[in-house]
Amino acid sequence: MKAKIKKLNSDGIVKLETSGDIKEVRINEDFLHPKDESIALCFRGKNSSGIIELNVKEFQELAQRVEKSLHLLGEVKIIK
């Protein structure tokens, strides 16, 4: 997995790139506040680690977009 982040700072724009493997996917349930449920993707690289947290609506939108484009991935043959 690769993560690319751009943040506006008082000094200007700061760009951060990191990579690593997804080590754990956590589903955070809250029985008292169901709207606060989230999905967390935990990753760890050589010199970095982090958590990407999505709410349920964001995760569903992501899954729908990926499912629509999944057929585009596959073998590509180059004919010369």
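Throughout, read-outs are computed from the coordinates displayed, never taken from laboratory work. Note that the structure is predicted; figures quoted are calculated from it, not measured. Note that each Cβ is placed from the backbone with ideal geometry, even for glycine, and that neighbours are counted across all protein chains shown.
Kindly list the number of the only condition in (1) of a type in the set (A, V, I, L, M); (2) loosely packed, with under 10 Cβ neighbours inside 10 Å; (3) in a strand (DSSP E or B) that fails for residue 78.
Condition not satisfied by residue 78: (3).
It is to be established whether one or more residues within the range 34-52 are in contact (Cβ under 8 Å) with a residue 40 or more places away in the chain and among the small types (Gly, Ala, Ser).
Looking through the range 34-52, at least one residue is in contact (Cβ under 8 Å) with a residue 40 or more places away in the chain and among the small types (Gly, Ala, Ser).
Over 20 Å from the mean Cα position of the chain (by Cα), exposed (fewer than 11 other Cβ atoms within 10 Å of the Cβ) and not in a helix (DSSP H, G or I) - does that describe any residue in the range 53-74?
Within the range 53-74, one or more residues are over 20 Å from the mean Cα position of the chain (by Cα), exposed (fewer than 11 other Cβ atoms within 10 Å of the Cβ) and not in a helix (DSSP H, G or I).
Would you mention how many residues in the range 1-46 are of a type in the set (S, T, N, Q) and either assigned to a loop (DSSP other than H, G, I, E, B) or over 15 Å from residue 57 (Cα atoms) (or both)?
Just the residues of the range 1-46 that are of a type in the set (S, T, N, Q), to begin with: 9-10, 18-19, 28, 38.
Retained after the next criterion (residues that are either assigned to a loop (DSSP other than H, G, I, E, B) or over 15 Å from residue 57 (Cα atoms) (or both)): 9-10, 18-19.
Selection size over the range 1-46: 4.
Of all residues in the range 15-31 being exposed (fewer than 11 other Cβ atoms within 10 Å of the Cβ) and β-branched (Val, Ile, Thr), which is nearest to residue 55 (Cα to Cα)?
Residue satisfying both the conditions and the ranking: 27.
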